[in-house]
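For reference, the structure is listed below as structure tokens.
The values are calculated or read from the model by the stated rules, or taken from the named source; none is laboratory data. All of these numbers come straight from a predicted model, not from anything done at the bench. Positions of Cβ are generated from backbone atoms using ideal geometry, with glycine treated the same way; all protein chains shown enter the neighbour counts.
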Amino acid sequence: MQESAAIASLSWYRSLDRVQWKTLVAANLGWTFDGFEVFALILTAGVALRQLLDASQYPLIPAYAGAVIAITVLGWGIGGVLGGVLADYIGRKRTMILAMLAYSLLTGLSALSWDWVSFAALRFLVGLAIGSEWATGASITAELWPDHARGRGGALLQCGYPLGAILASGAWLVIGDLGPGAWRFMYLIGVLPALLTFWIRRGIPESPRWEQSMERRRAAHDRRRQGAALEGEDIALNRFTLVDLFAEPAVRSQLIVTLIMSLSATIGYWGVSTWSPSYAGSLATAAGLSPQRWVALGGLMQNVGALVGFFTFGFLADTLGRKPTTMLFYLMSLILTPVVFLWISDLHLLLLAFAAFGFFVQGMFAWMPIWLPELYPTRMRATAIAVCFNAPRLISWIGPLVAGSLIVHLGGYGRAASIIGLFYILGLVAAPFLRETKGLPLEETSVPLAPAKA
């Protein structure tokens, strides 16, 4: 009690030690560079393909660009799951270093692409590596940050992605006019994160929780090899983590709920918010204004809103709780989608609406690095949150395709976005079935869905 009172009397940031801050910085920078790599592809895919394709294929550049981006997202989904499994077996820190080295070097190699096939293949490999980083960063931050501030830590980690997108936009503004091969310089810049791994190797500790879990796993394996009868957690520790996720009813039910919530958020994002800049451009064209300028402004305002949304989510989650904060963000995303795409036609007002839209629609993703690590035991934590975060991407990539088809058939963005936005109902309905974990210590063993009765 005395220790809790002493912590409460401090500002939350003063209660953290240097190791905890350095761990957050490392995880945040890893996610920032992930954002840079992905947004660099979005910015440069068309330019790169214009150099990699024959002139007769130029009319098909949008199709080729869509294929390259889809292949990257596919690699992201697969790599994310594999990275989570690796983090549970070889360690959070080691997996983070390997992922950052891989996506940095492979991004650099992308600059040497000689045709669209080599370009797509290298981007798939980059996607594999990018997907591996998030789960390790989220796991080690959750395991090293204290219970009372873990929500803020997860939110600050999530802020890295829009920061990376903004950095990529700034870099492309400087580099983009250097000629037809300028895209290659963007990918060469992507090698720089490899230098960060030297600092991580020396300055960041391995998670003590993971080390203790691995000691228990090794002991359980030894007892099995010696022919001892296994019971309790020893049985679970001898299972492969992906199998372990589905072996226990409580964990399996929890996984289904979190997968539904994650799918709701990712389909909403890829099927709705990615069209926001294009919607602003269409209104600008109708008004006789520069669509390029308003597309850029729309994307910028949405990302700025996302940054504030991530940060705010963490404070609300540590104050009000994970469940009410998450439900609030899903509800506001559901409400704001038709407001933005159906009821606002003034471009200046639309920019403000995009900021609010990014605040909630992208800010809601902060529940994943905050709430997910608290719902699963250490032995499977990285695998579980990697599956929840990345597996929906293997489905949600159809969101833009469905939305694009609806836009054509319904004659505009408004109705199409509003229909896709209904997916937020899934997250809103599913969230109440999860336990509230605000201020509670991380679990080391499996826990039930519902909170225990006093």
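Some points to look at:
- Being surrounded by fewer than 21 Cβ atoms within 10 Å (Cβ to Cβ) and either more than 19 Å from I189 (Cα to Cα) or outside the structural domain of I42 (by TED's automatic domain parsing) (or both) is a description that applies to A121.
- Of all residues in the stretch 316-352, those being of a type in the set (G, A, S) and either at pLDDT below 90 or not in a helix (DSSP H, G or I) (or both) number 2.
- Some residue of the stretch 115-131 being assigned to a loop (DSSP other than H, G, I, E, B), at pLDDT below 90 and farther than 28 Å from G309 by Cα: yes
- Test: residue in the stretch 41-56 that is out of contact with any Lys or Arg (no Cβ under 8 Å at 6 or more places or on another chain), surrounded by fewer than 21 Cβ atoms within 10 Å (Cβ to Cβ), of a type in the set (S, T, Y) and touching a residue at least 40 places away in the same chain (Cβ under 8 Å): no
- Counted residues, the stretch 165-183 - those being assigned to a helix (DSSP H, G or I) and surrounded by fewer than 16 Cβ atoms within 10 Å (Cβ to Cβ): 3
- Condition met for T23 (in contact with a Ser or Thr (Cβ under 7 Å, 6 or more places away or on another chain), in the same structural domain as P193 (by TED's automatic domain parsing) and at pLDDT 85 or above): yes
- G232 vs. criteria free of Cβ contacts under 8 Å to residues at least 12 places away in the same chain and either over 29 Å from N303 (Cα atoms) or of a type in the set (F, W, Y) (or both): yes
- Any hit, the stretch 156-164, residues being crowded, with 20+ Cβ neighbours inside 10 Å and among the hydroxyl-bearing types (S, T, Y): yes
- Note on the stretch 191-222: among residues that are in a helix (DSSP H, G or I) and of a type in the set (S, T, N, Q), the one that is surrounded by the most Cβ atoms within 10 Å (Cβ to Cβ) is S213.
- Odd one out for F341 among (1) of a type outside the set (G, A, S); (2) free of Cβ contacts under 8 Å to residues at least 60 places away in the same chain; (3) farther than 26 Å from A155 by Cβ: (2)
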